[in-house]
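Read through the structure below, which is laid out as structure tokens, and then see the notes.
The values are calculated or read from the model by the stated rules, or taken from the named source; none is laboratory data. It should be emphasised that the depicted structure is a prediction, and the values quoted were computed from it without experimental measurement. Here the Cβ positions follow ideal geometry from the backbone for every residue, glycine too, while neighbour counts run over all protein chains shown. The accessibility values were calculated without ligands, DNA or RNA, using every heavy atom of the protein model including side chains. Shrake-Rupley method; radii C 1.70, N 1.55, O 1.52, S 1.80 Å.
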Amino acid sequence: MGGLSESVKRVLHSVFKENERKLHPLNYLFWECTQRCNLACLHCGSDCKASARVPDMQFEDFFNAVKPLAGRYGKERVTVVITGGEPLLRRDLAECGRRLAEAGFGWGIVTNGYAYDEPRHRELLSAGMGAVTVSLDGMEEMHNRFRGGRERSFANAVRAIDLIASSPQLNYDVVTCVHKQSLGALSELRAFLTEHRVKAWRLFTIAPIGRAAHNDSLQLDGQELKRMMDFIAETREEGRIDLKFSCEAYTGDYELKVRDWFFFCRAGVNIASVLIDGSICACPNIDRSFAQGNIYTDDFMDVWENRFQEMRDRAWMRNLGMCVGCKAWKRCEGGAMHLWNGERDGIMECLYRRMCGR
Amino acid sequence: MKTLSRKLRSMLRAAFGLFSLTSVAFVMQACYGSPQDVGLSVRLHGTVVDRETQEPIKGIKVSTPFEAYSYSDSLGNVSLFIPEEELLDSLRISCEDVDSTDGGYYNRLDTLLSYQEIEGGHVSFVMDKAK
């Protein structure tokens, strides 16, 4: 597709999006297996705690609900992304993963890396883990401060990254939350990650949800957002590390400069989740009032096939809040689902609008 | 577009997959999720049994030189995942009794398995009890 002009790509993308929404093949499933966490990050979108109010979900409950999904879409593998909280706090994590892999699912984890050491790495690989994301929010002082002051947070995350980067069977990346204080240090972090042979890196901004909802100082202004986008574009041009902006927002003229393809929020289109209480939703960071059912009372596949309409047809968003009259509507279509609050009265933040100086 | 049947839409989807070559539109990642698991490991599964009795042996560590490992369960079943990249013509698999107090002690078994044997399905590991 590389030789096509951008306008042709846009048309094809538009057809592709429409087609995906109609077919909605589920190929990416989150499992929020625990809400416990071993860190207390300042910017956590989940507001997790060392001891959670809700107990960990029994693996059998999750597995029995989603088992019919394996092989449902032919050769297209469904990846189960085990998340939390911190999934490594579950002692049975490898066994859960092994059962998923034996049933034909791909699986991966999202981790802060604190408890990821060599024995755990071997155990997870032997159980068929094929994908990992590790969070690293800056160099040592910055990372440790944002990770709730745990001194070894950075060292342990780097240990995890080194192990992961040396394993060719893993599809992995490092993610970094960018805020006012870390923006200026991205070049240093890029050099560090390149030195550690990291191939893929992804930048986020911090969504005003969870614990981060109470900390406005974490948000980038329009000029800072553009600096971040320029940094991503320059790094991609350089080609030493595959850096992307996450799929959290439409970025206007930056679209194909900061990621491989155009913005498309696939929550409820290709992505579902089973949350800690059994709720069936799309991405776990979406307001829980958007849940479409519950594995303890509904058939998972029935919910996926027949509900999720408000995520597959987002026309209702067009006349609400910042989307009203927006010229980028067709390309953005309401932005990322996790930025809509439970009242459904508008998106909480619009990075595109901020970059346009509005 | 609205009137296209599901079959036509599936064909259209397949065409997108074919022409995008890099599958860039299909290889996706949720905002707060990991990349997709593209399946670069091969599953080795089999049963560990006693040569004389043909009974399953529990607690045997089955491992590769690259440190992939698993322990046999009470039915002797073992299942582990090996990186495709490490599977050349053959691979040495070691079986060790790390649970000697339970059911007697078995001699270590080292065996060479071909790629076809590993990918092809169920493998039997037959172990001798130590005299």
*Would you be able to say whether some residue in region A:206-218 is among the small types (Gly, Ala, Ser), modelled with pLDDT of 95 or more and assigned to a helix (DSSP H, G or I)?*
no
_Name the single residue that is nearest to residue A:58 (Cα to Cα) among those in region A:286-298 being in contact (Cβ under 8 Å) with a residue 40 or more places away in the chain, open to solvent by 30 Å² or more (accessible area, probe 1.4 Å) and of a type outside the set (Lys, Arg)._
A:296
*Might you let me know whether region A:164-181 holds any residue that is in contact with a Leu (Cβ under 8 Å, 6 or more places away or on another chain), over 22 Å from residue A:239 (Cα atoms), open to solvent by 20 Å² or more (accessible area, probe 1.4 Å) and of a type in the set (D, E, K, R)?*
yes
*Only one of (1) farther than 30 Å from residue A:288 by Cα; (2) more than 14 Å from chain B (Cβ to nearest Cβ); (3) modelled with pLDDT under 95 fails for residue A:226. Which number is that?*
(3)
*Can you tell me which residue within region B:32-46, out of those that are surrounded by 18 or more Cβ atoms within 10 Å (Cβ to Cβ) and in contact (Cβ under 8 Å) with a residue 12 or more places away in the chain, is farthest from residue A:75 (Cα to Cα)?*
B:46
*Give the residues of region B:74-88 that are aliphatic (A, V, I, L, M) and either at the interface with chain A (Cβ under 7 Å from one of its Cβ atoms) or under 13 Å from the mean Cα position of the chain (by Cα) (or both), sorted by residue number.*
B:78, B:80, B:82, B:87
_With within 16 Å of residue A:122 (Cα to Cα), open to solvent by 20 Å² or more (accessible area, probe 1.4 Å) and touching a residue at least 24 places away in the same chain (Cβ under 8 Å) as the only criterion, which of B:119, B:96, B:84 stands out?_
B:84
*Residue satisfying all of: in region A:131-155; open to solvent by less than 10 Å² (accessible area, probe 1.4 Å) and either aromatic (Phe, Trp, Tyr) or not in a loop (DSSP other than H, G, I, E, B) (or both); modelled with the lowest pLDDT among these*: A:146
*Which residue, of A:259, A:354, is basic (Lys, Arg), touching a Gly at 6+ places or on another chain (Cβ under 9 Å) and surrounded by fewer than 22 Cβ atoms within 10 Å (Cβ to Cβ)?*
A:354
*Would you pick out the residues in region A:156-169 that are in contact with a strand residue (DSSP E or B) (Cβ under 8 Å, 6 or more places away or on another chain) and assigned to a loop (DSSP other than H, G, I, E, B)?*
A:167, A:168, A:169
*Please name all residue pairs, on different chains or six or more residues apart, with Cβ atoms under 6 Å, provided the first residue is in region B:55-73 and is open to solvent by 60 Å² or more (accessible area, probe 1.4 Å) and the second residue is not small (Gly, Ala, Ser).*
B:65/B:92; B:66/B:86; B:67/A:122; B:71/B:61
*Look through A:340, A:304 and report the one residue that is over 18 Å from the mean Cα position of the chain (by Cα) and under 24 Å from residue A:110 (Cα atoms).*
A:304
*Return only the number of the condition from (1) buried (at least 19 other Cβ atoms within 10 Å of the Cβ); (2) out of contact with any helix residue (DSSP H, G or I) (no Cβ under 6 Å at 6 or more places or on another chain); (3) closer than 15 Å to residue B:39 by Cβ; (4) not basic (Lys, Arg) that residue A:70 does not satisfy.*
(1)
_Single match in A:16, A:30, A:59, A:105 (criterion: open to solvent by 10 Å² or more (accessible area, probe 1.4 Å), of a type in the set (A, V, I, L, M, F, W, C) and modelled with pLDDT of 90 or more)_ = A:59
